[in-house]
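S.K.: Mind looking over this structure? Questions follow.
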Amino acid sequence: MRTRALGAVLVKGGLVGGLAGCGGTQSALDPRGPAAATIADFSWILFAGAAVIFIGTMALAAYGVLLPDRTKGVPPIRFILWGGLVFPGVTLLVLTVATAMVGNAVDFRTHPEEPLRVTVVGNMFWWEVVYPDLPGGPLVTANELRIPVGRPVEVTVTTRDVIHSFWVPALHGKMDLIPGRMNRITLIASEPAILRGQCAEFCGEQHAWMALFVVALDPAEFDGWIARQQAVPEPPDPADEQLVRGRTAFLEAGCGTCHVIRGLAEGPYAAVGQLGPDLTHVGSRLSIGAGVLPNGVGPLAAWIAGVQDIKSGARMPSYSTLDGETLTALARYLESLK
Amino acid sequence: MGRGPLRIAATAVLGLSGCVALAACGDGNAVQGNREVAGGEAARGKAILTANTHGCGGCHTIPGIPNAHGTVGPPLHGMALRGYVAGRLPNDPGNLVRWISGPQEIDPRSAMPDTGITTAEAAHVAAYLYTLRDIPK
Amino acid sequence: MTSVEEARAYEPPPPPPSPPKLASVWAQPKGWRQLTEVNNTFIGVLYVGTGLMFLVLGGILALMIRWHLAQPGGTLLTAEQYNQVFTLHGTTMMFLFAVPIMEASSVWLMPLQLGARDLPFPRVSAYGFWCYLFGGLMAYSSIFFWVAPDSGWFLYPPLSTEYSPGINNDFWLLGIGFIEISAIAQVVEVVVGIMKTRAVGMSLDRLPIYSWYVLVTALMIGFAFPPLILGDILMEIERAVDWPFFDAARGGDPILWQHLFWFFGHPEVYIIFLPAAGLVSTILPTFVQRPLVGYTWVVLAAVATGFLSFGLWVHHMFTTGLPHLSLSFFSAASMAVAIPSGIQVFCWIATIWTGRPILKVPFLYVLGFLFIFVAGGLTGVMVAAVPFDWQAHDSYFVVAHLHYVLIGGMVFPLFAALVYYLPLASGRMPNETLGRWGFWLTFIGFNVTFFPMHILGLKGMPRRVYDYPAEMGWNELNLIASLGAAMLAVGIVVFFTDLCWSWFRGPKAKRNPWNAGTLEWATALPSPDTGFRSIPEITGHYPIWDDPTLPEKIDRGRFYMPDSPHGDRETLRTGTVDARPEQILVLPKPTWLPLLAAVATTVCFGVAIFKLYWTSLAAGLVGLAFILIWMWRSEVRSPDEARDIGLGVRVPTYSVGPRSHAWWAMVLLVVMDSTAYGGLVFAYLFIWTVSESWPPAGIEATLDGGLALVTAALILASSLPAAFLGNADRHRRRHLIALLLAAMLALGIAGGWMSLALLWDSGLDPKRHAYTALVWMMVLFPLVHLGIGAVMAAFTLVKAWVDPPRYRWSHAARNTGLWWQWSVAQMLFSLAVIVFYPDLA
């Protein structure tokens, strides 16, 4: 822990630069969970050790270059034996053992507490998040993983298309999402926080904009969130013409071919599509387009009409054929799905 | 030592790595009317647009704002020089702030939604937009 | 006064002119015919120059990347363009710059350092060079039309297969695949050269240290590239005809590609680093004027690095969810490779300690190398620690690490060598002032560019992103890195300015200007096309320091082969271990054939990108025709069986079997090919282990055991006549050879048909499942080998039957036999694995 205190001093002292802004931290040096904290400590130890060895080696070389008369007569073979073989050998042996110990320390698979199970499915270029065994039935959301503080969360990762990698640096290292495989990583958050994660394996045109927010909540708050998310959204107040029009537009424009809004599964334009993110509570999310825009009526309208300007290569076409009133109504309707 | 093909190779390297000169241009256009926004600070407006909290850059191309490359709405080059806002209001600070903060009240058929931006924020944004004088040729 | 100082004080008299015959036979053709030259002094310089051209081209892409990322929301490139630029940057630097320029350096330098007039297969070097030039330009030019590869230089499926329908990745697979083949050609050249064409007395324990490094590297290329070539073939087949090797939905596995790629990809790093370390070990002693300390240690360290580097490819896959036990193993192996590196670093420092350093520009680059490489090595140990790697992997930390290792470990030594060897190539001295400016700008610019990236990575910035949010705290560091890149670029421009200006206008260099001890500096400057006037007998690691009058003795023709009385290009073949003179190798003269064959090969691969398969086939046949003409004109028949090489020694002009360079080349080729075949067998077994049952459930069609037995019997029978080829050749019975070849061909063709019938009859559809696709590949791979063997056999049959007056055919016959038996072994093994083993298991 002391090493991290030193790290914190360096961070605040400006060596490492400013902290992340409102988007949530994404720094491995700013850990918010025990695994990332242990790895951060380990990183600082590695860094310090590497710095000492580097300075020592350079000092030896500089000594030979700058003071050539002083270095004669050192038996070279002994020099090579100790400096090149024995010292690195011992250091690396220690490091191998330390590596294995740290590796075990951040592996929470054997944690005594029953984990919350979550499945994260990668898509080009967004994340589907599924809570498969909640008491009230499975819950599907997107680009946002909310978890209770302190409880282990077993994340099973897989993909629907290419290889992606799940990485929330403030909680843990990476785990790849590989077609045909189910990989698991167990996370624990130690304090309430908003954390940013990002796809770490190059996955195509919009790899840069495939972010995921992890929101660590107090357990009671988490339960409340789950309950709100599991509820089917109320239909819009018939008096609010714009909202009614927005909902109609959502269905008639064919949005339901790719998206789900629970409660709209009936009728000729049912919203049951499986290709895009579930939008049941899209208005409650922190961002849209997997982190490319903050949430809100304006960004939603922009996204619908100009996806390909904002995130070229996303699998959704730009709906700039909707008339102005419909577009604004649709954006407001989606924003109302809290 | 063979010089012929070596010379050719050297010339090819130089040719391939040669630089392309870029032509620069720009000239001053006269601004018509008042462009002073009461309570608006251009720097804060720029910060609001950069954070993209209200999604402006998703629809509009806005000079000086990273990632504001939208083509849904009109590009905002030379906002200081434009005659009209939204095709109907004379371009003055009051109208611009009104339009930004509540387009649906001015034109309910517009595709530009009420984004929830406050009047104060809209004033900052307007102040920034009035710093834009260049229109690409 | 030590001998080093004596050497410094000694000024050899100007060299007397070479005997006219020797000079004229090695003289370069003039005008356009210069392109027919195959001599290493010509090809080597073009080769190095081409490598530098690709460094500049790759560097321009790097500058575009840094320009674009200087601030969030960069507008220089679109997302699609950025992905092409970074993919092509990595591809260019790795495949078109780093590996080829190291091979180029060895092709140019090795003969001088070994005391040979040329390496044993000059036409192969020339062909390899032209293929590299044309293939490289073809692959690179894709960026001008924005159709460059865009799935990363590692080309992970399914992004690179199912999700990239355009021709972009075909440029990678076909362009780079074909350059890899040329890399393999150079391996044969370099390894056989080191084994067979050394100066008299240069026994293995006196081999110049650089040659040891090159030998290790060449063997590593030989083992690492073939599995990648196999991977390329599998991927191209998947893309072109939809055989699902890597498609998880049909039983394939994308992880299989990662294994094949990194089994190449990690040794690749050492393939780039080791020859550079060899240059450091050569240059550093010169600038401290003392021999390298710990020659044996360094050699063993290089060999150990070579071996270990094949055991740690999985450290590129620490985040793929592998079991913890294998993570620990590969973590330990990755760390272990730091030990030989440590030994080398301490040998270099110890060498510095024994002498009095002279801080000229090449030595500055060596010191810069030490600084950057040690830093990169230490971050390498960090990423070998698995939990740290889980955070650092695929982040900018790794970008920083790999550039420290590769630019520090390879570009700095290369720059040292370019300045150091400038007098040897051009006869002129570099400019010290420009050189120093270039060095400091490069060194500081490098660190300013790449050091901040370590921090960026730990602050969460992933690699390969075309954009990043403005509020992550990454902006300042990105801007600093971009400014550093500009400085680095200026440094490189200054460096090249020095190099180009000094090449044509620098002051004339005096003989051995740095007072080096190694043999290459014993020639007149610039090194003449003949190489050494006479091939010396040497007694130690530093021949010039051992005997300062050696250059003069060489000039005066006091040693072996001082002239070329028969008007042939000749070099001396010496014993593999003891380097005693054994044979005169008669080398080919300038010819258009390598260039023409390379053009045809380029067309063959180039049009295949555009799916013009018939044109491709036609070009391939034309290329084959050129190569067959070339082979026809091999094995020059000399009127006399033995020649006088001076100092009272007579050696034969021809040899066969394990003594000959041709035998070594074929055995080397077979060994390298075996790793490609090994990769295929690995793929089959790998897919087996990830499948629940084998053959997989739902695939009813089976391979007929009886048919397989008949196939195996026919193929096995065809190897019998092949086994007697050597015997028949020893007894000079050319008609018997023709008969044996005919029998071999007949049985082989029958067996080949049967193997196809086996596949056909099985009803296994190769598009259906990775299993069926691999069964087809397991048969087709040996079948293609037998097909190549059949071409060789037909060629040899005709040559033996015709018995051309000026050429022999013994090597052709014996090598055909070797190749055929290897192909038969493959086919039998394949049949055993696909037909019989699943039943047993």
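Derivation of every value follows stated rules applied to the coordinates shown; laboratory data play no part. These figures come from a predicted structure and were not determined experimentally. Cβ: placed from backbone, ideal geometry, glycine included. Neighbour counts: every protein chain shown.
S.K.: Contact order normalised by length for region A:241-336, with contacts defined as Cα pairs under 8 Å and 6 or more residues apart; what percent is it?
M.R.: Dividing the mean separation by the residue count of region A:241-336 yields 31 percent.
S.K.: Shifting gears a bit: How large is ³J(HN,Hα), in whole Hz, for each residue of region C:818-825 in order, when computed from phi with the Karplus curve 6.51 cos²θ - 1.76 cosθ + 1.60 and θ = phi - 60°, using x for Gly and Pro?
M.R.: Each residue's phi maps through the Karplus curve to give 4, 4, 5, 5, 5, 5, 4, 4 Hz.
S.K.: Moving on. Cα atoms only, region C:328-476: Rg and Dmax in Å?
M.R.: 18.1, 56
S.K.: Would you kindly calculate the translational diffusion coefficient of region A:241-336, applying Stokes-Einstein with the Kirkwood radius from alpha carbon pairs, for 37 °C and a viscosity of 0.692 mPa s, and quote it in µm² s⁻¹ without decimals?
M.R.: For these conditions, the coefficient is 249 µm²/s.
S.K.: Please work out the FRET efficiency for the pair C:Val784 and C:Glu641, using the Cβ-Cβ distance as r and a Förster radius of 35 Å; give the result to the nearest 0.05.
M.R.: Efficiency at R0 = 35 Å is approximately 0.35.
S.K.: Going from the alpha-carbon gyration tensor of chain C, what semi-axes, largest first and in whole Å, does one get by taking the root of 5 times each eigenvalue?
M.R.: Equivalent-ellipsoid dimensions as semi-axes: 41, 39, 23 Å.
S.K.: Within 10 Å of each candidate Cβ there may be at most 16 other Cβ atoms; applying that plus a DSSP loop requirement, which trypsin sites (Lys or Arg not before Pro) in region C:510-577 survive?
M.R.: C:Lys510, C:Arg556
S.K.: Once amide H atoms are built 1.01 Å from N in the peptide plane, which residues 5 or more positions from A:Leu212, or in another chain, come under 5 Å H to H?
M.R.: It is A:Gly197, A:Gln198, by chain and number.
S.K.: How big is the antiparallel share of DSSP beta bridges in the protein assembly as shown, given as a percent to the nearest 5?
M.R.: 75
S.K.: To continue, here is another question. How charged is the neighbourhood of C:Val649? Take every other residue with its Cβ under 12 Å from the Cβ of C:Val649, and add Lys/Arg as +1 and Asp/Glu as -1.
M.R.: Net charge around C:Val649: 0.
S.K.: How do A:Ser312, C:Ser160, C:Ser564 rank when sorted from fewest to most other Cβ atoms within 10 Å of their own Cβ?
M.R.: In order of increasing Cβ crowding within 10 Å: A:Ser312, C:Ser564, C:Ser160.
S.K.: From the phi of every residue in region C:170-177, what ³J(HN,Hα) in whole Hz does the Karplus formula 6.51 cos²θ - 1.76 cosθ + 1.60 yield, where θ is phi - 60° and glycine or proline is x?
M.R.: Each residue's phi maps through the Karplus curve to give 5, 4, 5, 5, 7, x, 6, x Hz.
S.K.: With Kirkwood's inverse mean 1/r over C-alpha pairs for Rh, give me the Rg to Rh ratio of region A:128-274, two decimals please.
M.R.: Radius of gyration over Kirkwood radius for region A:128-274 works out to 1.01.
S.K.: Write down the Kirkwood hydrodynamic radius of region B:29-129, to one decimal in angstroms, obtained as one divided by the mean of 1/r over all alpha carbon pairs.
M.R.: One decimal place: 13.5 Å for the Kirkwood radius.
S.K.: Now a separate question. Enumerate the amide H contacts of A:His164 below 5 Å, restricted to partners 5 or more residues apart or on another chain; note that Pro and chain-start residues carry no placed amide H.
M.R.: It is A:Leu177, by chain and number.
S.K.: Please work out the FRET efficiency for the pair C:Arg356 and C:Glu6, using the Cβ-Cβ distance as r and a Förster radius of 22 Å; give the result to the nearest 0.05. Write down the numbers at each step before the final one.
M.R.: Details: r = 16 Å, r/R0 = 0.74.
According to the calculation, E is roughly 0.85.
S.K.: With the cut-off at 1.5 for a/c, could you classify the protein assembly as shown from its C-alpha gyration tensor as rounded, prolate or oblate?
M.R.: prolate
S.K.: Moving on. Any chance you could run the full-extension gain for C:Ser328 through C:Ser24? It's 0.36 nm times the residue separation minus the Cα-Cα distance, nm to one decimal. List each step's numbers first, then the result.
M.R.: Details: separation 304, 0.36 × 304 = 109.44 nm, distance 6.20 nm.
Between C:Ser328 and C:Ser24, full extension yields 103.2 nm more.
S.K.: Okay, moving on. Express as a percent, rounded to the nearest 5, the fraction of DSSP beta bridges in chain C (both residues included) that run antiparallel.
M.R.: Beta bridges within chain C, antiparallel portion: roughly 95 percent.
S.K.: Less than 13 Å from a label point 7 Å out along the Cα-to-Cβ axis of C:Ala794: which backbone N atoms in region C:582-626 qualify, by residue?
M.R.: Residues C:621-622, C:624-625 fall inside that zone.
S.K.: Between A:Ala239 and A:Arg70, with labels modelled 7 Å along Cα→Cβ, what's the label distance in nm to one decimal, could you check?
M.R.: Placing both labels 7 Å beyond Cα along the Cβ direction yields 8.9 nm.
S.K.: Given bins 5 angstrom wide, list per bin the percent of all Cα-Cα distances in region A:134-201, short to long.
M.R.: Pairs per bin, as whole percents: 3, 15, 24, 28, 18, 9, 2.
S.K.: On to the next question. From the backbone phi of region B:76-88, what are the Karplus-calculated ³J(HN,Hα) couplings (6.51 cos²θ - 1.76 cosθ + 1.60, θ = phi - 60°) in whole Hz, Gly and Pro given as x?
M.R.: 9, 4, x, 4, 5, 9, 5, x, 10, 9, 6, x, 9
S.K.: Also, quick follow-up: Could you list the residues of region A:189-225 with an amide nitrogen less than 18 Å from a label point located 7 Å from the Cα of A:Arg160 in the Cα-to-C-beta direction?
M.R.: A:199, A:203-207, A:209-213
S.K.: For peptide A:287-298, compute the average count of partner chain beta-carbon atoms within 10 Å of each residue's beta-carbon. Numbers along the way, then the final one.
M.R.: On the way: counts 0, 2, 1, 0, 1, 5, 7, 5, 2, 8, 7, 14.
Mean partner-chain Cβ count within 10 Å for A:287-298: 4.
S.K.: Once the Cβ-Cβ distance between A:Ile45 and A:Thr110 is put in as r, and R0 is 25 Å, what FRET efficiency do you end up with, to the nearest 0.05?
M.R.: Numbers: r = 24 Å, r/R0 = 0.98.
Here the calculated transfer efficiency is 0.55.
S.K.: May I ask you to sort C:Glu570, B:Glu121, C:Glu432 by Cβ crowding, counting other Cβ atoms within 10 Å and putting the fewest first?
M.R.: Fewest-to-most ranking of C:Glu570, B:Glu121, C:Glu432: C:Glu432, B:Glu121, C:Glu570.
S.K.: Ratio of region C:668-840's C-alpha Rg to 2.2 N^0.38 Å, to two decimals? Provide the component values of the computation, followed by the final result.
M.R.: Details: Rg = 18.0 Å, N = 173, 2.2 N^0.38 = 15.6 Å.
With N residues counted in region C:668-840, Rg over 2.2 N^0.38 Å equals 1.15.
S.K.: Please compute the average number of Cβ atoms from other chains found within 10 Å of each residue's Cβ in peptide A:154-166.
M.R.: 3
S.K.: P(r) of region C:131-180 in 5 Å steps, Cα pairs, percent per bin?
M.R.: That works out to 5, 23, 31, 24, 13, 4, 0, in percent per bin.
S.K.: Per residue of A:93-103, how many C-beta atoms from partner chains lie within 10 Å of its own C-beta, taken as a mean?
M.R.: Whole-number average of other-chain Cβ neighbours for A:93-103 is 5.
S.K.: Hey, what's the Cα Rg ratio for region C:742-822 versus the globular rule of thumb, 2.2 N^0.38 Å?
M.R.: Scaled against compact globular proteins, the figure is 1.40.
S.K.: Write out the GluC sites (Glu not before Pro) in region A:230-338 meeting two conditions: DSSP loop, and at most 16 other Cβ atoms within 10 Å of their Cβ.
M.R.: The qualifying sites are A:Glu266.
S.K.: Tell me, A:Cys199, A:Cys258, B:Cys56 in order of fewest to most beta-carbon neighbours within 10 Å?
M.R.: In increasing order of surrounding Cβ atoms, one gets A:Cys258, B:Cys56, A:Cys199.
S.K.: Continuing with the same structure: Using every alpha carbon pair in region C:51-116, what percent of pairs falls into each 5 Å bin from 0 up to the bin containing the largest distance?
M.R.: 4, 18, 20, 16, 12, 10, 7, 5, 4, 3, 1, 0
S.K.: Below 14 angstrom from the Cβ of C:Val779, what's the summed charge of the other residues (Lys, Arg +1; Asp, Glu -1)?
M.R.: -2
S.K.: Moving on to the next point. Amide H neighbours of A:Ile147 under 5 Å, at least 5 residues apart or on other chains, H built in the peptide plane: list them.
M.R.: A:Val215, A:Ala216, A:Leu217
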